[in-house]
Each structure stands twice: as structure tokens, then as C-alpha cells.
1. State whether one or more residues within segment 232-250 are under 18 Å from Leu296 (Cβ atoms) and modelled with pLDDT of 95 or more.
2. Test Leu296 against the criterion of being of a type in the set (A, V, I, L, M, F, W, C), surrounded by fewer than 17 Cβ atoms within 10 Å (Cβ to Cβ) and either under 16 Å from the mean Cα position of the chain (by Cα) or outside any loop (DSSP other than H, G, I, E, B) (or both), and give yes or no.
3. Looking at segment 105-134, which of the residues that are within 21 Å of Leu54 (Cα to Cα) and polar (S, T, N, Q) is surrounded by the most Cβ atoms within 10 Å (Cβ to Cβ)?
4. Quick test for you: out of Gln189, Gln210, pick the one residue that is more than 21 Å from the chain's Cα centre (by Cα), at pLDDT 95 or above, within 21 Å of Trp153 (Cβ to Cβ) and not β-branched (Val, Ile, Thr).
5. Which condition number in (1) surrounded by 19 or more Cβ atoms within 10 Å (Cβ to Cβ); (2) in contact with a Leu (Cβ under 8 Å, 6 or more places away or on another chain); (3) assigned by TED's automatic domain parsing to the domain that holds His72; (4) not in a loop (DSSP other than H, G, I, E, B) is the one that Ile266 fails?
6. Any residue in segment 237-250 that's within 16 Å of Tyr226 (Cα to Cα): show its pairings with residues that are in a helix (DSSP H, G or I) at Cβ separation under 7 Å, as long as the two are six or more apart or on different chains.
7. Give the residue, chosen from Tyr83, Tyr30, Tyr71, Tyr37, that is among the hydroxyl-bearing types (Ser, Thr, Tyr) and within 15 Å of Ser344 (Cα to Cα).
8. Suppose we filter segment 133-177 for residues that are out of contact with any strand residue (DSSP E or B) (no Cβ under 6 Å at 6 or more places or on another chain), basic (Lys, Arg) and farther than 14 Å from Ile95 by Cα; how many remain?
Amino acid sequence: MIRKTITPRNNWQSAVEKLGFGFHTTNVPYWDESVYYELSMTEVHQIEKATADLWDLCLGAVQHVMDNKLYHLFNIPDWLIPYIEKTWTEDHPAIYGRFDLCVKDGKVKLLEFNADTPTSLYESAIVQWFWLQDFDKSKDQFNSVHEKLVDYWKYLKNYLHPAPLHFTCLKETLEDLTNVEYMRDCAIQAGFETKLIFVDDIGWDEHSRQFMDMEDQPIKNIFKLYPWEWMVTEEFGKNILLDVNRTFWIEPSWKMLLANKAILPILWELYPDHPNLLAAYFDSALLTNYVKKPILGREGANIEIVKEGELLQFTEGEYGKEGYVFQELLELPNFDGKYPMIGSWVVGQEPAGIGIREANSLITDNVSRYVPHLIK
């Protein structure tokens, strides 16, 4: 993997805004096309294979958690467990996820899995692809995200209720809304009738026991960019068990297990020394160099990096009350003080492409930049 600096396109802001990418810059740059990463085909094949293998390992880990009733490690409420198991045994539709990987010294290692509400989907599928067409259309990317999303929505059409497919996120969250509207567009291309409704506006009819949209129509299929761990702390979430329509929520609730970092020690226990895994435990005593992660943390918050007993780096935040895991420290590759992390997408249970987030420290957080890539 090689980092290359270049001159951004003239009026690149206008170019990405025409694509509907409105959050390219906040108080700091988010989209950064003054640099790109060049990957070899060998590296692409390694990432692709690792993604497929990790997906298989994760499915095995979900079954293990259920067979051995390990839900307490995930801080999952007892009342939800039968529903989680139901969505698993009935194979409720799921469409995507993003593995965060460290690619270094010829090895691909899992850092964590964003299995429930991964973002940067639009940047990966669309924005960086159009950048490549302007930069050098003779080159290729590891990127079939868009095609796979449309194709898998077509496949899922036969498994969902014969009703409109709703899409939801919180109000006034431009990044989430952009990702949701992009996913919605993919579903439209797959032939769905769709509706957008914000989480705040989802209604519940106590008499008929149905979730309702703003037009008083029942919600029977819904894609959400809203975490399950938030839903289950609200009365809103408990109504899911009472819902007469048995609405399909995408991603389904069994993805809670994979989105929770408690899955990392489970994976290591089941598949010790797997080439794509790092050692991980619920106790730091078994590691000298490690990363302490809250099991339900987000965007690099509340992370501690410990090396030889010394606190090397840390971030603050509001997570951690549910517990922590401790993962073997593998420092991201260092390109003159820039640290890239690979986000590898799985769509329809297949590897689909990558996006790269670049940070100024070993911790990838919410101000890390998104940079494009190409295959040399």
C-alpha cells in the first residue's frame, strides 16, 4: 500500500456536492482528495479473502453465543433475547456491514465490525468512484458496493412483506440522512416502493398494535440507521415484541451481537491464532500491549492504547458503562504521521469493496478523513 499526494480537482467541492455529498467539510476536512492510496492486486485479494473469511467466522460466533447463552457479556436485556434468537433462526433479512481492518506487513487483521449501523457507505460506493473517473478512468478500485446493493435488494424483495419499504434515521443528521437516502435509492433501483420517515416520527397505534408512518399507514419493512442498543432502551423498542405485523427491521436484531465489541473475545476464543484475528479478552491481564475498547463505543471514543504498561494514547467520550474489551495492540501503518484504516464492506454476504479513513493518530475517530484509493 502506497500513499500518494496529488492536487485536488478544481472546484472539487462543487463536484462532490452535485453527487449529494453535503458533509465533505465540517470544522475540519472530512473528504480529502489531496491524497490517495494505491493498493496492489495482491493486497486487494488478501482483503477480499479476509472479509469473506471473517464473515463466516462471525456467523459461527453468533451461533456460539446463542447456543451457550452468553448474552450477559453483551449487556443485552433478557426480554430481548427470544426476539434476537427468532430473527436469527428465521433468517431475517440483512444487507450489509463494514469490517474495520489493519492492513500491514502483508497481513490483514480485524479491529472491529460495524455490523448494525455502518456509515461511509455513500463515500465508498459513489464519491470515490466518481473521483477515480476524473482522476484516471483507466484505473480500477476495489469497489462493487453499488452493484451488489442493488442486486441484493432485488434478492430480498421476495423475502420481505408485500408492503412499502420504509427508511429511517434521526432528524438533522446530514451524514446519516445521506447514507439512508443512498440506500433508499439502491432499493428504488431494485424495484421497491419506498418511504422516508424519521425515527422521531415513527408512530405506534396502541389499539391495533402496529408501527405507523406519517400517513397513518402501517410500517412492515424498514431499513434503519439507528442502533439497536438505543432502540432497546426506549419504549419504542419494546413495542417490537407486540407488533402484529412482525415488521422486518434491517439490520435485524441478531446483528446486535456482531456490532458489540464483546464479539472480539468470543471470536478469539473460538478461532485462536486465526490469521485475520487479534488476541482479545475481557481481562487486560492477559496482554502487555493492548487497546481498551468500550463494548458499545462509537467513532473512536473512550479508547485507551497501552504499550509496555504505559498509556500511549486515549480519547474521551460518553461510552464505557456497559463494559470493555481488551484487544492486542497492532499499530496502524504509519505514513509520515498519517494512519490509514481499511473499511471493508460485506454486502449480501459477499465482499464488496473498501473505503479508507486516515487519522493523525493511532485512533481513528470522528474527525478522521476519508481518502480515495485505486488499484495499481
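The values are calculated or read from the model by the stated rules, or taken from the named source; none is laboratory data. This structure is a prediction, so every number in the text was calculated from the model and none was measured. Backbone-built Cβ (ideal geometry, glycine too); neighbour counts: all protein chains shown.
1. No; the residues of segment 232-250 include none that is under 18 Å from Leu296 (Cβ atoms) and modelled with pLDDT of 95 or more.
2. no
3. Taking the candidates together, the pick is Ser124.
4. From the options Gln189, Gln210, the qualifying one is Gln189.
5. Failed condition: (3).
6. Within 7 Å, the pairs are Gly237/Met231; Ile240/Tyr83.
7. After applying the criteria, what remains is Tyr37.
8. Residues that pass the stated criteria total 2.
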